[in-house]
1. How big is the C-alpha Rg of the stretch 198-237 next to the rule-of-thumb value 2.2 N^0.38 Å, as a ratio?
2. At 0.36 nm per residue, minus the direct Cα-Cα distance, what do residue 129 and residue 231 gain on full extension? Give it in nm, one decimal, please.
3. May I ask you to list the residues of the stretch 169-187 whose amide nitrogen lies under 17 Å from a point 7 Å from Cα along the Cα→beta-carbon direction of residue 216?
4. Among residues other than residue 156 whose Cβ falls under 13 Å from its Cβ, what is the net charge (Lys/Arg +1, Asp/Glu -1)?
5. Between residue 108 and residue 44, take the C-beta separation as r, use R0 = 25 Å, and let me know the FRET efficiency to the nearest 0.05.
6. Between residue 79 and residue 244, how high is the FRET efficiency from 1/(1 + (r/R0)^6) when r is the Cβ-Cβ distance and R₀ = 41 Å? Nearest 0.05.
7. Once you list every other residue whose beta carbon is under 15 Å from the beta carbon of residue 292, what net charge do they have if Lys and Arg are +1 and Asp and Glu are -1?
8. Fewest Cβ neighbours within 10 Å first, please rank 216, 135, 26 accordingly.
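Values quoted throughout were computed directly from the atomic coordinates according to the rules given, and no laboratory measurement underlies them. Note that the structure is predicted; figures quoted are calculated from it, not measured. Ideal geometry is used to build each Cβ from the backbone, glycine not excepted, and the neighbour counts take in all protein chains shown.
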Amino acid sequence: MRVIKNVCKNDAALPIISAMTRVTIKDVARIAGVSPSAVSRVFTDGASASEATREKVLTVARDLGYRPSLLARGLVGTRTNLVTLVMGRMHDPFDALFLDELAEALAARGTRLMLASAGRDAAGDSGLLQALDYKSDAVIVAAGTMSPEHADLCVRAGLPVILSGRVLDAPGVDSVLADNVGGGRQAAELLVRTGCRRLAYLGRGGATFSDRERLKGFAGAASRAGIEVATTAVADRDHGTVFQAATDLFAGPAPPDGLFASTDSMAIAAIEAARAVGLSVPDDLSIVGFNNVPAAAWRSNQLTTVDYPIAGVVSGILDLLDSRLADPDRAREVRRIPTGLVVRATTREKHPHRRGCP
């Protein structure tokens, strides 16, 4: 048990508060001899409280280890300084990097980040409802699905919704995502330019918005060069599943000589699979990824990839958030982040006498 001495001169009682008990605003008010509203004013910026009351309340709060509930304060105000992020399981390094960058950027603005799960057992819409329940200032959806009905519910409730990596044709719902089509096109043009003629795409089989767009850009550019793209789809993004799918592709009767993978993680698994079946990268097979995560530059990988700058993604999200809060009724905006090739050792100029070239 922990005894806190009452600082009120007209009350000699010594209240006893257990060290295991959560200290509330009522505890502070009782011991300081003031009303709970007076305690609230002390901890509210700009609210009026006498110097004597402020000193008394702060002394008791310090002794009790009391901290005001930001959530409770937000429930009675217009802003909670809380943003909900809906994310799934972080299979890909890009997801973790995005989370870190976003959390740091929000913290620098005095805003806290709350995570809502959109994993296998939780629908993306449940994260939207969580954001509404906790009166978040906004919700950022980076995983899971989102129905137009729930999007409309959020918009009508005044909750800004920003999608990361996808687009939903719904009023008031903004989006930030890569120029996926352009990135896919750049990958195809590089492979064709360096002599590859049997092109393949390794992705999720259209399971995600970005996957569909990247394939569209890649296949479109290949078609313009007179090349049909072979596609290999993986049901899951774990390394073992992607490695096996790539191994089966490369061990087939007509292996590709140029591969574009939907993510760097898939591309790195493909590099390992190529080596396992005896293909030389890039002599026999050129490989291009997408995202430019740190592992792409590792000496063991040296992966050519399409750069999708995380800082640009987060900056775009925060810019749209500020714009939406300032003007809730403005038209929805889709912001595309430019991408660019980072050429490393998994692609290079090919010559006609090398295997896999015309």
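1. Relative to the rule-of-thumb radius for its length, the stretch 198-237 sits at 1.14.
2. Length gained, residue 129 through residue 231: 33.0 nm.
3. Backbone N within reach: 169-170, 175-187.
4. -3
5. On the way: r = 23 Å, r/R0 = 0.90.
The calculated FRET efficiency here is 0.65.
6. Calculated transfer efficiency: 0.25.
7. Values: positive: 214, 344; negative: 92, 95, 101, 179, 264, 307.
Once all neighbours under 15 Å are counted, the net charge is -4.
8. Working: 216 15, 135 19, 26 11.
Neighbour counts put them in this order, fewest first: 26, 216, 135.
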